[in-house]
Amino acid sequence: MHDLIDSHSHLDVEDFDPDRDAVVQRARDAGVARQIVPAIAQSGWNRLAAVCRQFTGLYPAYGLHPLFLAQHQPSHLDELDHIIEREQPVAVGECGLDHHIEGLDPSSQLDYFEAQLKLAGQHDLPLIIHTRQALDGVTACIRRHAPLRGVVHSFSGSLQQAQQLWKLGFCIGIGGPVTYERARRLREIVAHMPIEFLLLETDSPDQPMHGYQGQRNEPALLPQVLACVAALRGESEASVAAATCANAVRLFRLD
Ligand SMILES: [Zn+2]
């Protein structure tokens, strides 16, 4: 068993209400004693704080997720500043740009994203970034607000796009999608990329691994991502576990 950190788990969402204790325990039993739990919308921040206080090893990030744009209000950005001050989270997020889903006004998304980049800079915190079909826009924003640090979670871009993120000091988060053989481009990147920019994640309860389609994902399954990444790289699970764990500790400044 290897010591792992799930760098992206939504353990606070109601999917886990019936059995959250057991889910956390199964994760610990699998070596996943620590999880980064990013926020979705302002309405969930207090609940997220409560869940992370309830379990040691759960670290919150606060932010406004682009998919929930309809719920966000400009006043939430001031509130975000305050909750960061009060709760001292490990990151700002989940934030970003999503041009995959129709009806999410791109210019409004951009306003919220840039405001959160500024907050991360002001509070010297890393960013947890979500993006679909908007990676170049995300990279341009990061560059405009540099220096920043963070992770683009569930990375699905090209090698060139990944390289641009690494140049800016950003990590990429790798989870369930890498376990699918059809994810050729992603697997190729993961096989050869510099390990210092790689974080492991489950994105629980979403993005189930190969063989678990249609099921609720959970952090206890992170060792399967580890096994897949280690096999693709031709390295031992122990060395990939140690390196990715150290990356998460460094990025999120964990103890
Ligand atoms: Zn997420």
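Values in this text are rule-based calculations from the coordinates and carry no lab data. Everything quoted here is computed from the prediction, not taken from an experiment. Positions of Cβ are generated from backbone atoms using ideal geometry, with glycine treated the same way; all protein chains shown enter the neighbour counts.
Below 8 Å, C-alpha to C-alpha, sequence gap of six or more: please give me the relative contact order for the range 4-252 in percent.
Reported relative contact order: 20 percent.
In square nanometres, what is the average projected area of the Cα convex hull of the range 114-252?
Taking a quarter of the hull surface, the average projection is 8.2 nm².
Between Arg184 and Arg250, 0.36 nm times their residue separation minus their Cα-Cα distance comes to what?
Length gained between Arg184 and Arg250: 20.8 nm.
Would you mind putting 193-205, 226-238 in packing order, based on average other-beta-carbon counts within 10 Å, highest first?
Highest-to-lowest ranking by the protection proxy: 193-205, 226-238.
By average Cβ neighbour count within 10 Å, what is the ranking of 164-173, 50-59 from highest down?
The most tightly packed comes first, giving 164-173, 50-59.
Just the Cα atoms of the range 4-252, one point each, no solvent: what log10 I(q)/I(0) does Debye give at q = 0.07, 0.09, 0.16, 0.18 Å⁻¹?
The calculated log intensity ratios at q = 0.07, 0.09, 0.16, 0.18 Å⁻¹ are -0.20, -0.34, -1.18, -1.51.
Determine the sum of side-chain charges near Leu168: Lys and Arg each +1, Asp and Glu each -1, restricted to other residues whose C-beta is under 12 angstrom from that of Leu168.
Here the count lands on +4.
Return the calculated 222 nm mean residue ellipticity for the chain, to the nearest 500 deg cm²/dmol, obtained by summing -39500 (n - 2.57) across DSSP H runs with n ≥ 4 and dividing by the residue count.
Mean residue ellipticity, 222 nm, calculated: -13000 deg cm²/dmol.
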